[in-house]
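S.K.: Here you go, one structure.
Throughout, read-outs are computed from the coordinates displayed, never taken from laboratory work. Everything numeric here is computed off the predicted structure, so don't read it as measured data. Note that each Cβ is placed from the backbone with ideal geometry, even for glycine, and that neighbours are counted across all protein chains shown.
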Amino acid sequence: MRVLIADDHTLFRRGLALLLRTHYPAVEIIEAGDVDEALRKLDSAPAPDLVLCDLAMPGMTRLAGLRDLVERLPGTPVVMLSAYADRDDIVRAIETGARGYILKSASDESLKSAISLVLAGETYLPGGVFLDSHRRWIGDQVGGGPTLPAGNPLNELTARQRDVLSLMMDGLSNKGIARNLGLLESTVKAHVKTILDKLSAANRTQAAILAAKLGWRPSGQTDRTPEG
């Protein structure tokens, strides 16, 4: 795996590179201190499998650098790194083409989980950022859904996991869910496992029943393409 780390702080780049080598011993790291250097290095080397890019480094004004990287690497996930969990910044980054937004305060396990999710075709958002002060989901920005009371285990699910849950309640298999959401079937299986764990459900049917009792309703908008 080849990873481009673009950040104007050398110590942070080197520390992140060291952490990545701990989790992925065979990883090849490319470093850049700003957007221009990142683009130059892309011209002289094979395309990376992943780009980890600082939101505030030189060249990132109004996310211009992100747009340049996404256009240059249409098949490569670009993930933003930031010290700040600003909802507006996160939404703008995702709308501009970023496939994830990782906080610099994240743990190494969160980083590994985020990278795995992004490489599987998913979009990663930092946990808790889209929950209000009462731990209720702020649905308008990341997938919608009803506002749920504090303490409801459905609040612990990500936006994508809620999408998967809705399609589970519609009766779709993992293959059907993957088709509807444009995900790998293995990614759907991982989400289903997390949903079962969060709801303390023994199986999909029990999860659907528990979710309905907790206030979640299926979308009812799947294409229900025949599965075979």
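S.K.: Could you work out the Kirkwood radius for the stretch 2-119, taking every pair of different alpha carbons, averaging 1/r and inverting it, reported in Å?
M.R.: 14.0
S.K.: Please list 35-42, 68-75 highest first by mean number of surrounding beta-carbon atoms within 10 Å per residue.
M.R.: With the highest mean Cβ count within 10 Å placed first, the list reads 35-42, 68-75.
S.K.: Something else about it: So for the pair ARG67, ASP108, with labels modelled 7 Å out along Cα→Cβ, what separation do we get in nm?
M.R.: 3.8
S.K.: What fraction, in whole percent, of alpha-carbon pairs in the stretch 158-203 exceed 12 Å separation?
M.R.: It works out to 55 percent of all Cα pairs.
S.K.: Ok, one more. Express in whole angstrom the spacing between the alpha-carbon centres of the stretch 150-192 and the stretch 14-74.
M.R.: So the two Cα centres are separated by 30 Å.
S.K.: For the stretch 29-131, which chymotrypsin sites (Phe, Trp or Tyr not before Pro) pass both filters: DSSP loop (anything but H, G, I, E, B) and at most 13 other C-beta atoms within 10 Å?
M.R.: In loop regions of the stretch 29-131 (DSSP not H, G, I, E or B), the sparsely surrounded chymotrypsin sites (Phe, Trp or Tyr not before Pro) are TYR84.
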